[in-house]
Amino acid sequence: MRLQGKVAIVTGGAQGFGAGIAEVFAREGAKVVVTDINGEGAAKLAASLPGGAIGIGGDVSKLADVKAIVAETLKAFGKLDIIVNNAGISHRNKPMTEVSEEEFDRVFAVNVKSIYNFAIAGVPAMKEKGGAIINIGSTAGIRPRPGLAWYNASKGAVNLVSKSMAVELAPFRIRVNAIAPVAGETPLLATFMGQDTPEIRAKFISTIPLGRFSTPADIANAALFLASDEASMTTGSVLEVDGGRCI
């Protein structure tokens, strides 16, 4: 098992990429803390996982909630080795000037501030023995699509802050990497497309050389490598899991 004895927090873990990551991490021996704003969903998924996983509800955009999540993790398992900042949202695909201030603020709070919050709350618990932080960015922050301007910007921030964190935390043996998925078969897909129709799906897929959307398994397997000791010399990378979209 590639994560035997590790303790991992996975945010946005009740569904989509987060659920896929939590399932693979638990299968590979990690003690998994599934956290999500949907606390009931987090608890339900955790109950289905091996290894004594726990589910915790909380809003990752609020520092008080994140501090509580980390505190509960340390109380349950005594340490913290891995943080996967997966929780994310988007505004619906539309012209940039039609995105409300409330939508803009929420996108940056969930997609970017959450990483700050977990750095503040989680890094002190990892400094003594090291660990791995994986931030879920996006190809949107590398090769942006129209209609998603502010979402694209938030994911560009995720991609860059991962490199900044990697440099600053390297002396503590905390590796920080990002994963940049292409659009995936998750609940956010319809938001990215504006509306979910066969024609719009075909248009999106036509921009992906391998000819399909990403899946939770694709992202989970990439996260497994980055979290494992096999990636002990990998930090500051933005791993494109995109079927060739960014070429």
Just checking, does the stretch 193-202 include any residue being in contact (Cβ under 8 Å) with a residue 60 or more places away in the chain and either not polar (S, T, N, Q) or not in a loop (DSSP other than H, G, I, E, B) (or both)? yes
Checking Arg106 against (1) part of a loop (DSSP other than H, G, I, E, B); (2) surrounded by fewer than 18 Cβ atoms within 10 Å (Cβ to Cβ), which test does it fail? (1)
Which members of the stretch 203-246 meet the condition of being out of contact with any Asp or Glu (no Cβ under 9 Å at 6 or more places or on another chain), free of Cβ contacts under 8 Å to residues at least 60 places away in the same chain and of a type in the set (A, V, I, L, M, F, W, C)? Phe204, Ile205, Ala222, Phe225, Met233
Counting only residues that are part of a helix (DSSP H, G or I) and out of contact with any Lys or Arg (no Cβ under 9 Å at 6 or more places or on another chain), how many does the stretch 134-150 have? 2
Please state which one of Ala47, Ala42 is aliphatic (A, V, I, L, M) and in contact (Cβ under 8 Å) with a residue 24 or more places away in the chain. Ala42
So, in the stretch 154-179, how many residues would count as being part of a helix (DSSP H, G or I) and either touching a residue at least 40 places away in the same chain (Cβ under 8 Å) or within 14 Å of the chain's Cα centre (by Cα) (or both)? 15
Within the stretch 181-192, can you find the residues that are hydrophobic (A, V, I, L, M, F, W, C), in contact with an Asp or Glu (Cβ under 7 Å, 6 or more places away or on another chain) and not in a helix (DSSP H, G or I)? Val182
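Rule-based calculations on the coordinates, nothing more; no lab input. Given the structure is predicted, the values throughout are model-derived calculations rather than measurements. Every residue, glycine as well, gets a Cβ built from its backbone with ideal geometry; the counts of neighbours run over all protein chains shown.
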